[in-house]
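Everything below concerns the one structure shown next.
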Amino acid sequence: MRHCDTIRLTPAELPAAADSLLSVLGDTPSAHGRMQMAYVCRCAADAVDVIYVLSQGANQPYKVWRVRPDDNALPSLANKLPLLGWYEREMADLYGLRFDGHPEPHPLVLHEGMPRDPAPLAHRFDVQAAALDFTPQPPTVPQVLGPDIQRLPFGPVRADIVESAQFLFFYIGEGILHYHPRLFYKHRAMESRFEGQTLRAGAVLAERVSGIDSVAHALAYAQAVEGAMGWRAPPRARYLRVILAELERLYNHLHYLGHLAKTTTLKVAEAEGHLLEERVKQINARLTGSRFLRGLITPGGLRRDLDISGLDKALDAITADIDSYLLRLENTRSHLDRLMTTGTLPRQVAFDQGATGPIERASDLDRDLRRDHPYANYEKVRFSVPVQQAGDAHARSLVRMEEIHESLAIIRQTIGRTKPGEVLRFEPMEEPDPQGEGLGWVEATRGGLLYAVHLSADRSRLSRVKIKDPSFSNWRVFPFTVEDSNMMDYAINEASSACPSPVPTGKGERPCRYGPGWAGTKAAPLPPGRSVPGTTVRMACSVCRGWTRRAVSPATVDAAIAPPPARRRPSRCATVACSSTTHAA
Amino acid sequence: MQLDYARCVGCQLCTEVCPEGAFSVSHDWAFAVRDKADLLNPGRVAAAPQPADDSADATALAAEIKAFGRSLHIRHVDAGSCNGCESELQALLNPFYNLHRLGIFFTPSPRFADLLLVTGPVTAAMREPLLRTYEAMPQPRWVMAAGTCATGGGTNGGGYACHQGLDGILPVDVWLPGCPPNPAALIEALLLLLRQRAQRVHGGVYEHA
């Protein structure tokens, strides 16, 4: 596979390979490396391969393990690499594979009650086939017994205009004992729909996997195909792709802040956040004809050129409003009071369980594909990657606020560097991948998004497309932030994660969920004096109410994540003063 | 050659690949219709715009609408959308579109809802919750299929995981294709339901006001 070191393993070698991964790359978050995804690829008429994709750290090629299951079975690696747990369950549900020794061998993508034999993708996907007909059954949850324990199933049709999912709470009074999100009500077999499509039609489909991530999906798909074909998009197209991707981040983050303000009951801040989102969507529409920036990105470049001459003025018109909006949010104590210490996600849990995007960066994991594995033209622009240490809802919102500023700066730089030229090019710039396989990656709004693309023998059609969506990773992590928290904070926690957040530290060691192979939930101590690139934090000054940038020292961090005082107060506000001399006294 | 707007996602690939240039890009946007057949352009035969002959229906409906004092309450159900439609539905509530000014509200409970607004092609797992939501609504009740997935499956319908939209699952009063329909189109569709706007598409042909 292009951009990857590929090795073939036998099923018997798999556990040892997983062990060596922990010893070679290390089990600590600073090692950067991590399993990214695992999927099934039908490589011959009667055989499937399971393909594991690993990240080996910044600027290193990805690593690929190919394993052919024996008699449809593989040893489960979920006890060693917990974030693989969901991928293995997905393969078990859809392809009928067995993963021996899986710690949670329950249905995931196919709900309880759905016909599982034969597995829906044991044979080729047929779009003409009838939808599964079944009688819904309750989900598999641990037995929770006790006289005062209440059980609350919420969804799949929930209040408000939201996506369908069901959440099961087991709680006593306000305290949540167990939380079980039942997702995949919306399973649409999207990956299978790519099979047999032309390369161009695949981009249209990729845009329809997730509407508010249309650019990210189309871009990751296009880059995967370009890798397999040996194409390289022209420079102008690569710069325009950066602009499109950052516009998408911008409207998503503004929506996020509006929604977060809604959960802390700030009506005006909610309206204002959503109005700013609307203004960016209208900029999108004027620029591209689509509020979701659809219909442009395609393998080889862009389908048509864009006139970006008015974009800087359009952004100038809203920049001051965005800045003042963020500043006022950071100066609203009732808002901060609900966010701070809510939904804390410890660094080690975020790493082990596979958190990605702003959620991992709010838990002090300094990773961003735009910087670590540059694509499009991100290596040509300067930007910093905001990282926060506290891991709570406030940290997650601060990371996104910073990213808004960075996105605006990236777009401005890119506008200045975009020169006239062609935007679509199909000549191979390097040898096509011999197997016709490519890997594409994008730092989407919600985190790392990967596409693995396998082309047909004549390279004109798609034979297999695997999508690793950031929300698939983050939803797996979210329950760790909910259990032991309280019902009142749940909505805030969910909104702050845009899928969510916390295991409060200091409430004693939680039982280890995944057996002895798992490191446990203890928070990784911050290395003393460690300096992380870009570890400055934008904070609102308590005197002049303006933004100030603070380098974060371990002492500050310790203070920030120390157990809250008996009465929670956003004490940070009182201690931050900017360097202006006018109010130094 | 036929053009079925109920299945069109607006990708515009047809305008790029058609050797005869039979398709061109337009700026048409308000595609809501009461009868799904109006979304099908049968081809070269000049489509005869059909005069609305549902006056008897209209009278009955007008009486119903009057009963609600012009206020409409919507229960939205996501039956497997890509979340583009949800994003535009949420935009209806922002200060720019401010749907409340029209006396139209989203309600959490189907028991208070007049209109069931469905997005997505209807996944296998969402079929039952969707039907149960519909059954929980008091009568009279209406259904709107919003977005191309709900009107005809779009790119995401069919196979073991999805149905082909609301056809054969619920009785639909307004069909609104679009991928996604923009907020203005959603408002037009709601007003079409309330008989405050005229239908613009007949026989697959868009009539400009």
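For the range B:158-206, filtering for residues that are in a loop (DSSP other than H, G, I, E, B) and closer than 24 Å to residue A:293 by Cβ leaves 6. For the range A:230-242, the criterion of being facing chain B (nearest Cβ under 8 Å), closer than 24 Å to residue A:450 by Cβ and crowded, with 22+ Cβ neighbours inside 10 Å is met by none of the residues. Restricting attention to the range B:67-88, the residues being facing another protein chain (nearest Cβ under 9 Å) and part of a loop (DSSP other than H, G, I, E, B) number 5. Go through the residues of the range A:408-416 one by one and say whether even a single one is out of contact with any Pro (no Cβ under 9 Å at 6 or more places or on another chain), surrounded by 22 or more Cβ atoms within 10 Å (Cβ to Cβ) and not polar (S, T, N, Q). Scanning the range A:408-416, I find at least one residue that is out of contact with any Pro (no Cβ under 9 Å at 6 or more places or on another chain), surrounded by 22 or more Cβ atoms within 10 Å (Cβ to Cβ) and not polar (S, T, N, Q), so the answer is yes.
Filter the range A:187-210 for residues that are among the small types (Gly, Ala, Ser) and more than 19 Å from residue A:108 (Cα to Cα); which is farthest from the other protein chains (Cβ to nearest Cβ)? Working first, answer last.
Start the filter on the range A:187-210 by keeping residues that are among the small types (Gly, Ala, Ser), which leaves A:189, A:192, A:196, A:201-203, A:206, A:210.
Now narrow it down to the ones that are more than 19 Å from residue A:108 (Cα to Cα): A:196, A:201-203, A:206, A:210.
Details: A:196: 12, A:201: 7, A:202: 11, A:203: 9, A:206: 10, A:210: 6 Å.
The selected residue is A:196.
Residue-wise test of (1) within 14 Å of chain A (Cβ to nearest Cβ); (2) more than 23 Å from residue A:183 (Cα to Cα); (3) over 14 Å from the mean Cα position of the chain (by Cα).
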{"site": "B:128", "(1), (2), (3)": "yes, no, yes"}
{"site": "B:151", "(1), (2), (3)": "no, yes, no"}
{"site": "B:166", "(1), (2), (3)": "yes, no, no"}
{"site": "B:173", "(1), (2), (3)": "no, yes, no"}
{"site": "B:176", "(1), (2), (3)": "no, yes, no"}
{"site": "B:182", "(1), (2), (3)": "yes, yes, no"}
{"site": "B:199", "(1), (2), (3)": "no, yes, no"}
{"site": "B:207", "(1), (2), (3)": "no, yes, yes"}
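Could you tell me which residue of the range A:172-186 is surrounded by the most Cβ atoms within 10 Å (Cβ to Cβ), considering only residues that are among the aromatic types (Phe, Trp, Tyr) and facing another protein chain (nearest Cβ under 8 Å)?
We begin by selecting, within the range A:172-186, every residue among the aromatic types (Phe, Trp, Tyr); these are A:179, A:184-185.
Going one step further and asking which of them are facing another protein chain (nearest Cβ under 8 Å), we end up with A:184-185.
On the way: A:184: 21, A:185: 23.
For the range A:172-186, the residue satisfying everything is A:185.
Kindly indicate whether residue B:136 is surrounded by 20 or more Cβ atoms within 10 Å (Cβ to Cβ) and either within 8 Å of chain A (Cβ to nearest Cβ) or not polar (S, T, N, Q) (or both). Judged against the criteria, residue B:136 is not a match. Residue A:171 falls short on exactly one of the conditions (1) on the phi < 0 side of the Ramachandran plot; (2) touching a Lys or Arg at 6+ places or on another chain (Cβ under 7 Å), and that condition is (2).
A quick yes/no check of all residues on (1) outside any loop (DSSP other than H, G, I, E, B); (2) among the hydrophobic types (A, V, I, L, M, F, W, C); (3) within 11 Å of chain A (Cβ to nearest Cβ):
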position: B:63; (1), (2), (3): yes, yes, no
position: B:90; (1), (2), (3): yes, no, yes
position: B:105; (1), (2), (3): yes, yes, no
position: B:117; (1), (2), (3): yes, yes, yes
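Looking only at residues in the range A:91-145 that are over 24 Å from residue B:153 (Cβ atoms) and aromatic (Phe, Trp, Tyr), the one that is surrounded by the most Cβ atoms within 10 Å (Cβ to Cβ) is A:99.
Every condition in (1) more than 23 Å from the chain's Cα centre (by Cα); (2) touching a residue at least 12 places away in the same chain (Cβ under 8 Å) is met by residue A:259 except one, and the failing one is (1). Note on the range A:256-339: enclosed helices (runs of 4 or more DSSP H) holding 2 or more residues that are closer than 21 Å to residue B:10 by Cβ, hydrophobic (A, V, I, L, M, F, W, C) and more than 11 Å from every other protein chain (Cβ to nearest Cβ) are A:267-288. Residues in the range A:125-171 that are in a loop (DSSP other than H, G, I, E, B), more than 11 Å from every other protein chain (Cβ to nearest Cβ) and charged (D, E, K, R): A:148 only.
This table checks each residue for (1) more than 26 Å from residue A:214 (Cα to Cα); (2) outside any loop (DSSP other than H, G, I, E, B).
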{"site": "B:6", "(1), (2)": "no, yes"}
{"site": "B:9", "(1), (2)": "no, no"}
{"site": "B:15", "(1), (2)": "no, yes"}
{"site": "B:19", "(1), (2)": "yes, no"}
{"site": "B:22", "(1), (2)": "yes, no"}
{"site": "B:29", "(1), (2)": "no, no"}
{"site": "B:38", "(1), (2)": "yes, yes"}
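Report whether or not residue A:215 is of a type in the set (Val, Ile, Thr) and under 18 Å from the mean Cα position of the chain (by Cα). Considered against the rule, which asks whether it is of a type in the set (Val, Ile, Thr) and under 18 Å from the mean Cα position of the chain (by Cα), residue A:215 comes out as yes.
Rule-based calculations on the coordinates, nothing more; no lab input. Predicted model only: the values in this text are computed from it and were never measured. Cβ sites come from the backbone with ideal geometry, for glycine too, and all protein chains shown count toward neighbours.
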